[in-house]
Amino acid sequence: QVQLVESGGGSVQAGGSLRLSCVASQYLHSLACMAWFRQPPGKEREAVAQISHGGSTTYADFAKGRFTLSRDNAATTVNLQMNSLKPEDTGRYYCAASFQYCSGDLSHFNYWGQGTQVTVSS
């Protein structure tokens, strides 16, 4: 029902920045939550940040102060600005959407993008 397409991944040196974007096939106001998750090499997928229908944001501890989640004016895109990147930020980053919930629980998200790779070199 919802298609999500991520972009903006790439390779960057430690301390650098990347801006990830997720374009949704529906207006964001119809969704309870948009979120970013990531899967580091050899680890489970983990929550990065979420933004609710009302615009409130929640960040994982590792993202606080470095990452910023926002929505565009057209209400079709969410962005994740990532600054001061560290090698441990390396992983595949996924956009996700939910009609009902907004949390870091993967099971609450039924719609996922294909992901975009982020690699941070030391």
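Scanning the stretch 90-106 for residues that are modelled with pLDDT of 95 or more and touching a Ser or Thr at 6+ places or on another chain (Cβ under 9 Å) gives Thr90, Gly91, Arg92, Tyr93, Tyr94, Cys95. Please determine whether any residue of the stretch 54-67 is under 21 Å from Gln1 (Cβ atoms) and open to solvent by less than 60 Å² (accessible area, probe 1.4 Å). No.
Reported count of residues in the stretch 71-86, each being open to solvent by 20 Å² or more (accessible area, probe 1.4 Å), modelled with pLDDT of 95 or more and in a strand (DSSP E or B), is 1. From the list Leu31, Leu20, the one residue that fits, being surrounded by 12 or more Cβ atoms within 10 Å (Cβ to Cβ), closer than 19 Å to His108 by Cα and either modelled with pLDDT under 95 or of a type in the set (A, V, I, L, M, F, W, C) (or both), is Leu31. Across the stretch 110-119, the qualifying residues are those that are closer than 15 Å to Gln26 by Cα and either assigned to a loop (DSSP other than H, G, I, E, B) or in contact with a helix residue (DSSP H, G or I) (Cβ under 8 Å, 6 or more places away or on another chain) (or both), and the one among them that is modelled with the lowest pLDDT is Asn110. When the test is whether a residue is of a type in the set (Gly, Ala, Ser), modelled with pLDDT of 95 or more and in a strand (DSSP E or B), Ala49 passes it. Yes or no: Val120 without any contact (Cβ under 8 Å) to a residue 60 or more places away in the chain, buried (at least 18 other Cβ atoms within 10 Å of the Cβ) and not aromatic (Phe, Trp, Tyr)? The answer is no for Val120. In a loop (DSSP other than H, G, I, E, B) and open to solvent by less than 40 Å² (accessible area, probe 1.4 Å): is that true of Ala96 in this structure? Spelling it out, it is not the case that Ala96 is in a loop (DSSP other than H, G, I, E, B) and open to solvent by less than 40 Å² (accessible area, probe 1.4 Å).
The values are calculated or read from the model by the stated rules, or taken from the named source; none is laboratory data. Keep in mind that what you see is a predicted model, and the values were worked out from it rather than measured. Positions of Cβ are backbone-derived with ideal geometry, glycine not excepted, and every protein chain shown enters the neighbour counts. Note: areas computed on protein heavy atoms with side chains; ligands, DNA, RNA excluded. Shrake-Rupley method; radii C 1.70, N 1.55, O 1.52, S 1.80 Å.
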